[in-house]
Amino acid sequence: MDYTTKKIFGWAFILIVSFFPVYLWVVYGPGIEDLTSYAEITHSLGELFGLVGMTMFALTFVLSTRIKFIEDIFGGLDKVYIVHGILGGMALIFILFHPIFLVLKFIPQEINRAAEYLLPSSYWSVNFGIISIIGMIILIFITLFTKMKYNRWKFTHEFLGLMFALAVLHIFLIRGTISQDNIFEGYYLYATAVSIIGLGAFSYSLFIKDRMMKNAVYKISSLNQSKDLFEINMVPDHKPINYSAGQFLFLRFYNENLSKEAHPFSIASKSNSKELKVIIKKLGDFTNKLEHLKVGDKVFVEGPYGRFNFKNYKCKNQVWIAAGIGITPFLGMVEELLDHREYSVDMIFSAKDDTDFVGYNLLNDIASANKNFKFIPWNSSVKGHVEIKDIYDLAGKFREKEFFLCGPENFKQEIIEKLKKAGVKEKNIHEEAFDFV
Amino acid sequence: MRFKKLRIMIGIALFAFFFIVGNTIAFGHFLYSDNSNKTIIDTTNSSYALIKDDSKVNISNGGPRIITNTARATSSGSKDTQKTTTASTTTTPDSTPQVTTPTPTPTPSQTTTVTHTRRTRAS
């Protein structure tokens, strides 16, 4: 089963689980035919929006556990985090409409009651819900609409676990105080399951995962800095990890000048090479401080993650399109092509300047040594954007070809749209996400 | 930019949320001035009316009933009028309907507790 089909199954599973409360309400609750008034319709919608939102909220924690089988379903951890983001946003939308629908029945005739419903009161079961919603709004707004230092963002993002815990208190306590109707039989059983899944996954990510996972310890063996790039080579302290070229790792550098949180970086070396290489561009507060790294510094390695490798697909005619620092996952794969000459690969590497072609010499050398690998450096400040005609001129007909893309999000989306318009099927386009948000 | 459509949807949902919640609180809490002396009563058994307490309605001999929002929604003399209950019955929502006696005006929170009384299909 290819990753596109698996992804469809993955999304189908998530949506079925998320909307399970609706099924329970129809079968074991009052159901649609008992909705006889506007008040009952809006009230039921309010309850169901809340429960669907809570279920989605719980599943977002499961998706962030970095468990391997979830990665398999969605075709890589980068894709899992995208699903996590979409689901988190959907959860917020559903939860926002929970109180709105609940008070609609009071508006406009009894607007004072509606106001009382929305404001904090002596009922802590309601107050927990109010705090949880406000917290969710603030934390998701920070994630999607602001830019802050990664470690600060990560710290704030973890408070979503607290908001979920407060929402759990709300869904359990609300039945005994304010809302005494029986939404469906087995409500408490369902609420318990959702709570255990959400809180369990969150606790695992925050407290257990790092202790259970035996992070491989590496040491920096050599460092090269040029312009705004760092090339870091590492050797294992004890046991090496197994990885494929094109995958990525979470690295935690142990250096007094760097913060201790793990950051994701693409592997730039061949599969299972003894020396693990990453090439990092100065793009933010953390990467700017990498100049403090020294040879011999310890690095804790978590991973590998991702499924971005040419050998994962049977089709041996491939087109690789990279832009900027998005070349890094391709560098190890290009080296590996020397051992897999059955693959015919045409590559376009777009950069803004002639000095931005990372690994240019390596790419040229391999293109000379392997006649099945064609490489075109594309200076976008001179030639403009890569157009579909340029890809066609290099690779010929698109039928039965696999396309691999990595680079800035706008670049990728532009190329993907052009490829789709040219008739390339989505299942034949494989992209690597650099930024998860 | 990733999640462009999602950001737009969340933006719309947040706008709707703050618009409705903000206006409801503004009009219902800060601007609503005549809350304390209004009572919802059913004077005809088929409809409801809002009257002020100082209008001296005779409520002796079991007469006009205080009704809840649920009853109000179905107060046109149907089977569901049996659900009609007072604020004093809020802790036993599925209990036998009680004859209503005159009671003080229910507070908003008290009334809320009886609003959603419904039986499950299984029951």
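Checked against (1) at pLDDT below 85; (2) surrounded by 11 or more Cβ atoms within 10 Å (Cβ to Cβ); (3) over 16 Å from A:GLU110 (Cβ atoms); (4) among the hydrophobic types (A, V, I, L, M, F, W, C), B:ILE40 passes all but condition (3).
Residues are listed down the side, and each one gets a yes or a no for (1) more than 15 Å from A:ALA322 (Cβ to Cβ); (2) touching a residue at least 24 places away in the same chain (Cβ under 8 Å):
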residue	(1), (2)
A:VAL382	yes, no
A:PRO408	no, yes
A:PHE411	no, yes
A:ILE416	no, no
A:GLU426	yes, yes
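A count restricted to the stretch A:137-150 and to residues that are within 17 Å of A:GLY85 (Cα to Cα) and touching a residue at least 60 places away in the same chain (Cβ under 8 Å) stands at 3. Does A:VAL26 satisfy being out of contact with any Cys (no Cβ under 6 Å at 6 or more places or on another chain), among the β-branched types (Val, Ile, Thr) and buried (at least 20 other Cβ atoms within 10 Å of the Cβ)? Judged against the criteria, A:VAL26 is not a match.
With respect to the conditions (1) under 18 Å from A:LYS79 (Cβ atoms); (2) in contact with a His (Cβ under 9 Å, 6 or more places away or on another chain); (3) part of a strand (DSSP E or B), A:ARG307 lacks only one, and its number is (3). Which ones in the stretch A:101-132 are assigned to a helix (DSSP H, G or I), farther than 25 Å from A:ALA165 by Cα and more than 7 Å from chain B (Cβ to nearest Cβ)? A:LEU104 - this is the single residue of the stretch A:101-132 that is assigned to a helix (DSSP H, G or I), farther than 25 Å from A:ALA165 by Cα and more than 7 Å from chain B (Cβ to nearest Cβ). Name the single residue, out of those in the stretch A:147-195 being outside any loop (DSSP other than H, G, I, E, B) and among the charged types (D, E, K, R), that is surrounded by the fewest Cβ atoms within 10 Å (Cβ to Cβ). Filtering the stretch A:147-195 for residues that are outside any loop (DSSP other than H, G, I, E, B) and among the charged types (D, E, K, R), the one surrounded by the fewest Cβ atoms within 10 Å (Cβ to Cβ) comes out as A:ARG152. For the stretch A:336-357, the set of residues classified as over 20 Å from A:GLY396 (Cβ atoms) and part of a loop (DSSP other than H, G, I, E, B) consists of A:LEU338, A:ASP339, A:HIS340, A:LYS352, A:ASP353, A:PHE357, listed by residue number.
Of all residues in the stretch A:263-293, those that are on the phi < 0 side of the Ramachandran plot and either assigned to a loop (DSSP other than H, G, I, E, B) or outside the structural domain of A:ILE232 (by TED's automatic domain parsing) (or both) total 12.
The residues on offer are A:THR60, A:THR55, A:THR36, and the sole one that is under 13 Å from the mean Cα position of the chain (by Cα) and assigned by TED's automatic domain parsing to the domain that holds A:ILE130 is A:THR60. Of all residues in the stretch A:240-262, which are touching a helix residue (DSSP H, G or I) at 6+ places or on another chain (Cβ under 6 Å) and not in a loop (DSSP other than H, G, I, E, B)? Once the filter is applied, which keeps residues that are touching a helix residue (DSSP H, G or I) at 6+ places or on another chain (Cβ under 6 Å) and not in a loop (DSSP other than H, G, I, E, B), the stretch A:240-262 yields nothing. Each residue in the stretch A:85-100 was checked for being under 14 Å from A:GLY135 (Cα atoms) and more than 7 Å from chain B (Cβ to nearest Cβ), and 3 of them qualify. Residues in the stretch A:161-199 that are at pLDDT below 90 and closer than 15 Å to A:PHE20 by Cα: A:ILE183, A:PHE184, A:GLU185, A:GLY186. A count restricted to the stretch A:109-153 and to residues that are among the basic types (Lys, Arg) and in contact with a helix residue (DSSP H, G or I) (Cβ under 6 Å, 6 or more places away or on another chain) stands at 2.
Tell me, yes or no, whether the stretch A:58-70 has at least one residue that is within 14 Å of another protein chain (Cβ to nearest Cβ) and touching a Ser or Thr at 6+ places or on another chain (Cβ under 8 Å).
no
A:PHE403 meets the conditions (1) in contact (Cβ under 8 Å) with a residue 40 or more places away in the chain; (2) touching a strand residue (DSSP E or B) at 6+ places or on another chain (Cβ under 6 Å); (3) surrounded by fewer than 20 Cβ atoms within 10 Å (Cβ to Cβ) in every case but one. The failed one is (3). Here A:ILE138 clears all of (1) surrounded by fewer than 15 Cβ atoms within 10 Å (Cβ to Cβ); (2) within 17 Å of the chain's Cα centre (by Cα) except the condition numbered (2).
The values are calculated or read from the model by the stated rules, or taken from the named source; none is laboratory data. Nothing here was measured: the structure is a model prediction, and the numbers come from that model. As a convention, Cβ positions derive from the backbone with ideal geometry for all residues, glycine included, and neighbour counts pool all protein chains shown.
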